[in-house]
Amino acid sequence: MSIKIAPSILAADFANLQQEVKSVEEAGADWIHVDVMDGHFVPNISFGALVVDAIRPHTKLPLDVHLMIEEPDRYITDFVKSGADLISVHQEACPHLHRTIYHIKDQGVQAGVVLNPATPISSIEPVLSDVDFILLMTVNPGFGGQSFIEQVIPKVGALRSMLDEKGLQHVEIEIDGGINEQTASLVTKQGATILVAGSAIFGQADRKQVISELRR
Ligand code: DX5
Ligand code: ZN
């Protein structure tokens with residue numbers, strides 16, 4: 001499967017979001033990753049559905065909304081109306097995970113489940129056949145620009161094997177946190193096919209160059 005690159009706008013210049021989104025689209029990005037933080041589930045506040053509304057008319061790329069919030073069910077419809085194409089929720093924030101997955105899918109949007117570095121893949125085994133993708137965090141969520149946690153690497157391979165054994169070859173693995181030209185290959189070797197990168201992309205003037213390096 002080919003590698004998709006999803007720049008995280010958390011690292012973009014918020015005063016120029018329209019140009020920032022256009023620049024990564026022109027540089028070859030596959031998705032736009034949108035980090036929503038509530039200051040409760042994670043110790044930082046970013047933005048909500050209004051920002052998804054604002055960028056929606058300025059890109060054709062799928063908007064990949066990563067909800068780092070408590071009680072995500074209360075907000076899913078707002079993000080769908082704002083134009084999200086994919087919505088992922090944290091296993092750690094969803095006591096009724098199966099219901100939440102279908103709350104997303106029933107509105108015609110692709111559903112993903114996210115695991116923090118310390119959460120085992122066994123915790124989502126019962127819902128693997130219900131999701132469109134799994135996002136494994138390689139940092140503790142809340143901030144951009146943190147260091148990649150290497151201990152997560154074997155989890156990627158183990159999840160890929162678990163999916164393949166269940167006949168779920170179509171379920172993709174996305175990786176988020178500390179992805180750069182060095183760490184990208186560590187996770188793609190284990191079967192990850194979607195890479196989120198914030199600071200590595202928006203911190204560089206030549207975004208086309210970074211995106212093609214990450215894809216290799
Ligand atoms: C972390 C966010 C990430 C973050 C990635 O809480 O979910 O998407 O923006 O940023 P970098 O690539 O800088 O680690
Ligand atoms: Zn994210």
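Annotations for the structure displayed:
- Peptide packing for 2-11, 100-109 was compared via the average number of neighbouring C-beta atoms within 10 Å per residue; ordered from the highest value, the list is 2-11, 100-109.
- From largest to smallest, the equivalent ellipsoid semi-axes obtained for region 4-215 from the alpha-carbon gyration tensor read 24, 21, 15 Å.
- Magnitude of the charge dipole for region 4-215, about its Cα centre and with charges confined to Cβ atoms of Lys, Arg (+1) and Asp, Glu (-1), is about 240 debye.
- Equivalent ellipsoid semi-axes, region 65-133, via Cα gyration tensor eigenvalues times 5, rooted, Å: 19, 13, 10
- Translational D in µm²/s for region 1-125 (Stokes-Einstein at 20 °C, 1.002 mPa s, Kirkwood Rh from C-alpha pairs): 143 µm²/s
- Springs join every pair of Cα atoms under 10 Å in this Gaussian network model of the chain, and among 132, 53, 206 the largest mean-square fluctuation is at 206.
- Whole-angstrom gap from region 151-216 to region 66-103, using each part's C-alpha centre: 22 Å
- Just checking the listed ones, 118, 184, 12: in the Gaussian network model of the chain with Cα springs under 10 Å, the one fluctuating most is 118.
- Of the DSSP H helices in the chain, those that are both long (alpha-carbon extent of 15 Å or more along the helix axis) and hydrophobic (Kyte-Doolittle mean at least 0.0) are 153-165.
We did not get these values from a lab; they are worked out from the coordinates using the rules stated. Note that this is a predicted model, so its numbers are computed, not measured. Note that each Cβ is placed from the backbone with ideal geometry, even for glycine, and that neighbours are counted across all protein chains shown.
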